[in-house]
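Could you have a look at this structure, given as structure tokens, before my questions?
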Amino acid sequence: MKKLPVAIIGAGPVGLATAAHLLERGLEPLIFEAGPTAGSAIEQWRHIRLFSPWRFNLDAAAVRLLEAAGWETPRLTALPYGGELIDNYLAPLAATPAIASRLQTGAKVLAVTRAGMDKTHTRNRETTPFIVRVEHVDGEVRDHTVAAVVDASGTWSTRNPLGTSGLPAIGEDAAGGRISSPLPDVTGRDRASFAGRRVLVVGAGHSAANTLISLADLAKEEPGTTILWTVRGPSAEKVYGGGDSDGLPARGQLGSRLRRLVEAGTIELHTGFGISALKTLDTHVSVEAADGRTLDTDIIVPCTGFRPDLDILRELRLDLDPAVEAPSQLGPLIDPEFHSCGTVQPHGAKLLAHPEKDFYIVGMKSYGRAPTFLLATGYEQVRSVAAALAGDQTAADTVHLELPETGVCSTDAGTSCDLPAASTPVTVGSVETGCCAAPEPVLIGIPTGLAHGRSGEV
Ligand SMILES: Cc1cc2nc3c(=O)[nH]c(=O)nc-3n(C[C@H](O)[C@H](O)[C@H](O)COP(=O)(O)OP(=O)(O)OC[C@H]3O[C@@H](n4cnc5c(N)ncnc54)[C@H](O)[C@@H]3O)c2cc1C
């Protein structure tokens, strides 16, 4: 077992950080990334600005690898766009010889199990290697034998359905061709799909707000563009926030702007609209509410949040919180009904453990359906997990998050993570930073936005 590598599923920021920590511990990572490059999920939202500054988006072990390769540290107080996180951090990290030689792209993990045994077999389970079944870019499916598995595959590829009750609306799958990605770049690279068309935005989170405002900008230049917006709740007040009196000015600004666009009729808001069915017709899709109302649209933007893909883990013995689908000890700590990302306690291998020894879910996926995940938390998770896999239980159990108590979000973008700016120096790699910059108003937010990723207030 000791000679076998540790499989990492996903080369997002947390997967790559896991590899960096494993390498420091003398373990051999083998990273499988479904997309063509590292950071493939973030690639889909490269036009969105992060709400936490650089210094909280960098992993210390990854920075050590990068610095050895002559990397230039970005300005740690600046807020990068998703694209910058890739271009200035993830891509250079993935290109370091230590990572590049252990990263397989175009490698989609289909399933994880123990060699020669299904979930029901107990004897010798803990000393039996894992099998990771991977579909490679050439279409070939191969089984890889590994000593441990760290699932850092995120949740981006499994959005919540449009339908109410957690199920897809009837006809939702068939309407797939008319449903966009959750955060399309409507004024940029995806413009052609939205210009001059009827667009329906579904959801009451801040990704809905941001997409709606971007669509309004598009409509100014492309007059045929019609913007429809449905929320399940009786009003959109929650999204508008407190306007001028909002404690968080940027959120107030965003909300006020949205409210004005709705009042001016630029955006047609339909409240209490729980989607029950979609009918795909030749020219458009007809969206039906549970109360019988219908809306015709050309394209739908689903701002309904995300959930973890647990199918690939079917043969493993997991212990998940029944509500949030995070590891069960972590669930209550991150429940978005009680916590924002800044109040989540730091946690490591112990809390993330499952009955399946040497298997961990980390990163965005470890939070299940909760939208409060922060990269900084994920980096501490994987430092601890790498220590645990290396047998250094003391280091694994000594969990510390190098974050000030006030949280890490320097902007008040109206996300679930909208705590005040940090004021304590923080060390990232060898770079000690001072107090972060004054909050910059940024009109972006984390797309899940809502407690438990519900698609609208109930
Ligand atoms: C719009 C947006 C803004 C955000 N802003 C911030 C912010 O400002 N600060 C912050 O701390 N957090 C932010 N987050 C939250 C979170 O930090 C990010 O989602 C981050 O990308 C999570 O990193 P990850 O490595 O866990 O997952 P991901 O970045 O999603 O990476 C997972 C990787 O796994 C790959 N993968 C998926 N399935 C498979 C499979 N079966 N086999 C192989 N590979 C697979 C994917 O292609 C992807 O590359 C934001 C999230 C979003 C969506």
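The values are calculated or read from the model by the stated rules, or taken from the named source; none is laboratory data. The structure presented is a predicted model; accordingly, all values stated were derived computationally and were not measured. Positions of Cβ are backbone-derived with ideal geometry, glycine not excepted, and every protein chain shown enters the neighbour counts.
Residue check, T105 against (1) within 10 Å of the ligand (Cβ to nearest atom); (2) closer than 22 Å to P29 by Cα; (3) in contact with a Leu (Cβ under 8 Å, 6 or more places away or on another chain), all met but one. Which one?
Every listed condition holds for T105 apart from (3).
Just the residues that are within 17 Å of T266 (Cβ to Cβ) and among the acidic types (D, E), please, taken from the range 206-241.
D217, E221, E222
Additional query: Mind checking which residues of the range 65-80 are outside any loop (DSSP other than H, G, I, E, B) and crowded, with 18+ Cβ neighbours inside 10 Å?
Residues satisfying the conditions are L65, L66.
Taking the residues in the range 261-293 that are β-branched (V, I, T) and farther than 17 Å from A204 by Cβ as candidates, determine which candidate is surrounded by the fewest Cβ atoms within 10 Å (Cβ to Cβ).
T283
Right, something else. Return a yes/no flag: does the range 41-63 have any residue that is among the hydroxyl-bearing types (S, T, Y) and either away from the ligand (no atom under 15 Å from the Cβ) or without any contact (Cβ under 8 Å) to a residue 60 or more places away in the chain (or both).
no
How do the pairs read when you match residues in the range 154-175 that are within 29 Å of V14 (Cα to Cα) with residues anywhere that are of a type in the set (D, E) and more than 16 Å from the ligand (Cβ to nearest atom), using Cβ under 7 Å and keeping only pairs 6 or more apart or on different chains?
Hits for this filter: P161/E172; L162/E172.
Of all residues in the range 87-107 being of a type outside the set (V, I, T) and part of a loop (DSSP other than H, G, I, E, B), which is surrounded by the most Cβ atoms within 10 Å (Cβ to Cβ)?
By that ranking, first place goes to A107.
Out of the range 10-38, which residues are assigned to a loop (DSSP other than H, G, I, E, B), buried (at least 23 other Cβ atoms within 10 Å of the Cβ) and within 6 Å of the ligand (Cβ to nearest atom)?
G10, A11, G12, E33
Another question about this same structure. Within the range 68-79, does at least one residue satisfy the condition of being basic (K, R) and more than 14 Å from the ligand (Cβ to nearest atom)?
yes
Answer yes or no as to whether G391 is crowded, with 22+ Cβ neighbours inside 10 Å and modelled with pLDDT of 75 or more.
no
Taking the conditions exactly as written (at pLDDT 90 or above and within 26 Å of the chain's Cα centre (by Cα)), does S207 satisfy them or not?
no
Next question, about the same structure. State yes or no: is I86 touching a residue at least 12 places away in the same chain (Cβ under 8 Å), in contact with an Asp or Glu (Cβ under 8 Å, 6 or more places away or on another chain) and within 12 Å of the ligand (Cβ to nearest atom)?
yes
Return a yes/no flag: does the range 220-234 have any residue that is among the basic types (K, R), surrounded by 14 or more Cβ atoms within 10 Å (Cβ to Cβ), modelled with pLDDT of 95 or more and not in a strand (DSSP E or B).
No, the range 220-234 contains no residue that is among the basic types (K, R), surrounded by 14 or more Cβ atoms within 10 Å (Cβ to Cβ), modelled with pLDDT of 95 or more and not in a strand (DSSP E or B).
Moving to a separate point now. Residues of the range 131-142 being part of a strand (DSSP E or B) and either under 18 Å from E33 (Cβ atoms) or among the small types (G, A, S) (or both), which ones?
Selection gives V132, R133, V134, E135, V141, R142.
Among I299, I334, which is modelled with pLDDT under 95 and among the β-branched types (V, I, T)?
None of the other options fit; the residue is I334.
A further question on this structure: Before we move on, is L4 outside any loop (DSSP other than H, G, I, E, B) and either more than 6 Å from the ligand (Cβ to nearest atom) or in contact (Cβ under 8 Å) with a residue 60 or more places away in the chain (or both)?
Against the criterion (outside any loop (DSSP other than H, G, I, E, B) and either more than 6 Å from the ligand (Cβ to nearest atom) or in contact (Cβ under 8 Å) with a residue 60 or more places away in the chain (or both)), L4 does not qualify.
Here's something else I'd like to know. Only one of these is small (G, A, S), in the same structural domain as E288 (by TED's automatic domain parsing) and touching a strand residue (DSSP E or B) at 6+ places or on another chain (Cβ under 9 Å): A147, A208. Name it.
After ruling out the rest, the residue left standing is A208.
So, one more: Can you tell me which of A195, A147 is under 30 Å from D282 (Cα atoms), touching an Asp or Glu at 6+ places or on another chain (Cβ under 9 Å) and either within 16 Å of the ligand (Cβ to nearest atom) or at pLDDT 95 or above (or both)?
Going through A195, A147 in turn, the sole match is A195.
Every residue in the range 151-179 that is buried (at least 18 other Cβ atoms within 10 Å of the Cβ), within 16 Å of the ligand (Cβ to nearest atom) and either under 18 Å from G305 (Cβ atoms) or at pLDDT below 95 (or both), please.
Across the range 151-179, the qualifying residues are S153, G154, T155, W156, R159, N160.
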